[in-house]
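Some notes on the structure that comes next.
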Amino acid sequence: MANFINFFYAAILSGTPLLFGTTGEILCEKAGGLNLGVEGMMWIGAFAGFYTAWKTESVFLAFLVAFASAALGALLYAFLTITLKTNQNVTGLTLTTFGIGISTVLGFAMTENAGGNPQISSEFMSKLAPIEIPFLSSIPYIGKMFLNYNPFVYIAIVIAIVIALIFKFSKTGLAIRAIGENPSAADAAGINVTLHKYLCTIIGGGICGIGGAYMSIITLNGTWQSGGGVVGGYGWIAVALVIFASWSSAKAIIGSFIFGAFTCLQYYIGQFSFLPAFIREMPVSIYQMLPFLLTTIVLIISSVNSKKISSEPHSLGLNYFREDR
Amino acid sequence: MSDTQYAIELRGITKIFGEIIANDKVDLTVNNGEILALLGENGSGKTTLMNILSGIYHPDAGTIKINGKEVVINSPKDSFALKIGMIHQHFKLVEVMTAFENILLGTNNKLNRKKAAEEIKTLCDKFSLKIDLKKRVCNMSVSEKQTVEIVKVLYRGANILILDEPTAVLTPQETQNLFEILRAMKKDGKAVIIITHKLNEVLEISDRVMILRKGKSIDSIETAKANAKILTEAMVGQAIDLEIERPETEKEPHALDVRHLSVKGADGRMALKDVTFDISSGEILGVAGVAGSGQKELCETIAGLHKVEKGAILFKKENIVGKTPSEIIKAGISMSFIPEDRLGMGLVASMDITHNMLLKSYKNSKGIFLDRKEAKKLAEDLVEKLSIKTPNVSTPVRLLSGGNVQKVLIGREIESNPQLLITAYPERGLDINSSYTIYNLINKQKQNGSSVLFIGEDLDVLLELCDRILVLCHGEVMGVVNAREVTKEDLGFMMAGQKISDGGENNG
Ligand SMILES: Nc1ncnc2c1ncn2[C@@H]1O[C@H](COP(=O)(O)OP(=O)(O)O)[C@@H](O)[C@H]1O
Ligand SMILES: [Mg+2]
């Protein structure tokens, strides 16, 4: 049982950055923008957040800067695709390449500067320790499983729920959904299509950036691994998760934690004594591959029966120009 | 009359798209409590002009006055603020949302569902509109969608209502309902602009007719002083003949023989019940019937696109039931099908006219290269013959106006000289002049010896153009009558479900 609880706990922790990435991308895709730059924006957030944490030791500033710099990357994407009407796929891929590149290079410079792998102070890290709720956190099993996480786990869940509520109940949510479905109808109804698209792309990008900072600061425990894969493909998993969650950030919560479980299965599978030995002893690389295999399967299934998926915004990936016909 | 009395006053409106001058110094005025019909050939700039009023396009020159005040309309939002509402030719609705959500979309009201629903209900009662607020738009018929559009603009408080070809897709009954609504609005003091190609509708509903020709405003005529001939001539710019020819031809009977045909519709019910008829070569067989009587299934079944439950379709004595379209072609049968829904089918919007011609002919050409020269010539011929309004044949089809897109498809299908030509409502949405061009082309095919199945909606046209008319009601044949002898009243009775037993013999 203890093994299982540890595994559950680890799954939630590794699912959290995925949840940030997925929620951010859902916001963007709901308004019709298919931003494949998630991985890049997470990298930007990872570096910017880490650097600020290292320099200023303020948790608030670190995540604010992560949000802002990834949002800046998203602004670039928004300007190119919404205003200049460039191809969304190409622009998104470019943003990913750019984000990984610049963050890696700056990461090297930072390492050089620090004379070794930069390390965030333990005082800073202690502010991100799991929150102990008196009595509740010490309830056997339940306490550890649900009530003993670092603040950003809760923040991720709250953001996902808030965005789901916005789409379900608010006027703005209705407007954004309409834009993603049929921008010319939304436009004719008097909605400011460009403004909403910009805002969704930028805020969505910023949320992805928080996910990146979560990885570089919390997942990697405050040490920048120069040359290592800080974000390591999580952005791509998030893109697939959007489909898995059928464009609902509420469903994304479950989806992220399931994928989180797969990403950390490699560390726990050996301990599950109830499983037959050959499963426990399979090479680790098979388990490392699992989340990406699952991602591929989700993408294939969704492209095979793309007609049946009605929750996909209809104008996803298409640029809108009012005077076009 | 002082300026302030006009609800809308346009002066010198000009709009240019690349090489096309869509609107050329257009003047237009509408009073409150007046219904103005806007008339013009396909591509004469009607939609463009109305889109300028609704904020979709921005004019390159000219002034707009609303209730006497000069305004600038930069977006649909500005247009709403001026109480202008437009019902677009292609509806601007979000298909996956409900009627209610579509109506509320973009309004400033908080999502106070109860209050909004009450307001909408009051509106609907006032203009006797019927609407199911909880229904999703994708599950609605065209006329239901149109009602949503109307409620949408009324809910925004529109005092000026613009309708772009609202009747093109409606049945006669639905059109009458719409007209009732428009009359109620007129009584309420609203200004209405309606675009339609059907002259009888123009004469019935409007107070004044304003004519556009090649982007220029030509004339404004009081409807009371107009008739079909005057309007057509003003629109086309020359005297034209409103007679449809019916040339005599050599007929060879039973070119197409349909025997005891039964098919199921999309809803699983029988769409055609035991349908039997024949067409000679060199003959046009018209099909009359209220919308949804099985016309669509009939066309699609003969074209090989619909599953047959029972019965046979013999073309030149060969049964083509169960054959795929390419097997039909291999058997040496050439068939052209111009479907009801042609904008989605048959043309590639982003390709130019020439390449759309190639789509049909490339299979017949030899070698691996495309024969562009011939396709280009065909394209140029069509542009001239059908007076398709386009800068040249390398303009993407998507940029043409709706009616012109249609001419490209119809022209291509007819020009392939099929042995059997199936056409459903080929003139729908086309202006008078183009409609007559289409009738002439169909007649020419008849003279070449083709068998033509012509699904029509205008009984006058059916009576003048066809040799015989088959009447369908609920998927059953009510009779096949000689078009030279039958009266409109008799056709009406048959369409309503009265069978006749004689008169259907082939006289060819
Ligand atoms: N967005 C556009 N881009 C390029 N050309 C256009 C556009 N809209 C209209 N046109 C052209 O302007 C002319 C007028 O079109 P339109 O107003 O749709 O005609 P109508 O509604 O009278 O049939 C046509 O030649 C059409 O091809
Ligand atoms: Mg038009």
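Among residues belonging to region A:183-197 that are of a type outside the set (A, V, I, L, M) and outside any helix (DSSP H, G or I), point out the one that is nearest to the other protein chains (Cβ to nearest Cβ). The extreme case among them is A:G190.
Quickly run through region A:133-180 and pick out the residues that are within 25 Å of A:S256 (Cβ to Cβ), charged (D, E, K, R) and either within 14 Å of another protein chain (Cβ to nearest Cβ) or in contact with a strand residue (DSSP E or B) (Cβ under 6 Å, 6 or more places away or on another chain) (or both). Scanning region A:133-180 gives A:K168, A:R177.
If you check B:L382, B:L386, which single one turns out to be out of contact with any His (no Cβ under 8 Å at 6 or more places or on another chain), away from chain A (no Cβ under 14 Å), within 24 Å of B:I211 (Cβ to Cβ) and away from ligand 2 (no atom under 15 Å from the Cβ)?
Values: B:L382 fails: within 24 Å of B:I211 (Cβ to Cβ).
Just a single option satisfies the conditions, and that option is B:L386.
Scanning region B:398-431 for residues that are away from ligand 2 (no atom under 15 Å from the Cβ) and in contact (Cβ under 8 Å) with a residue 40 or more places away in the chain yields a total of 17. Taking region A:213-264 as the range and being among the small types (G, A, S), part of a helix (DSSP H, G or I) and buried (at least 20 other Cβ atoms within 10 Å of the Cβ) as the test, the residues that pass are A:A213, A:S216, A:G235, A:A238, A:A240, A:S249, A:A252, A:G255, A:S256, A:G260. B:G85 satisfies every condition listed in (1) within 30 Å of the chain's Cα centre (by Cα); (2) in a strand (DSSP E or B); (3) away from chain A (no Cβ under 14 Å) except (3).
Conditions tested, residue by residue: (1) among the aliphatic types (A, V, I, L, M); (2) within 16 Å of ligand 1 (Cβ to nearest atom).
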{"site": "B:L358", "(1), (2)": "yes, no"}
{"site": "B:A375", "(1), (2)": "yes, no"}
{"site": "B:D381", "(1), (2)": "no, no"}
{"site": "B:I388", "(1), (2)": "yes, yes"}
{"site": "B:N404", "(1), (2)": "no, yes"}
{"site": "B:E413", "(1), (2)": "no, no"}
{"site": "B:P418", "(1), (2)": "no, no"}
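Candidates B:N74, B:N51: the one that is more than 8 Å from chain A (Cβ to nearest Cβ), out of contact with any strand residue (DSSP E or B) (no Cβ under 9 Å at 6 or more places or on another chain) and under 13 Å from A:R322 (Cβ atoms) is B:N74.
Residue-wise test of (1) surrounded by fewer than 21 Cβ atoms within 10 Å (Cβ to Cβ); (2) hydroxyl-bearing (S, T, Y); (3) closer than 27 Å to A:S315 by Cβ.
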| site | (1), (2), (3) |
| --- | --- |
| B:A81 | yes, no, yes |
| B:T98 | yes, yes, yes |
| B:L104 | no, no, yes |
| B:N112 | yes, no, no |
| B:N139 | yes, no, yes |
| B:V151 | no, no, yes |
| B:Q173 | yes, no, no |
| B:V192 | no, no, no |
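The set of residues in region B:13-29 being more than 14 Å from ligand 2 (Cβ to nearest atom) and either within 14 Å of chain A (Cβ to nearest Cβ) or buried (at least 23 other Cβ atoms within 10 Å of the Cβ) (or both) consists of B:I13, B:I16, B:G18, B:V26. Scanning region B:163-189 for residues that are within 14 Å of ligand 1 (Cβ to nearest atom), touching a strand residue (DSSP E or B) at 6+ places or on another chain (Cβ under 9 Å) and either within 14 Å of chain A (Cβ to nearest Cβ) or among the hydrophobic types (A, V, I, L, M, F, W, C) (or both) turns up B:L163, B:D164.
Residues to consider are A:S103, A:S137; find the one that is among the small types (G, A, S) and under 25 Å from A:W224 (Cβ atoms).
Numbers: A:S137 fails: under 25 Å from A:W224 (Cβ atoms).
Step by step, each of A:S103, A:S137 is checked, and only A:S103 is among the small types (G, A, S) and under 25 Å from A:W224 (Cβ atoms).
Since every read-out is calculated from the coordinates, none of them should be taken as a lab result. Note that the coordinates shown come from a computational prediction; the quantities given were computed from them, not determined experimentally. Cβ: placed from backbone, ideal geometry, glycine included. Neighbour counts: every protein chain shown.
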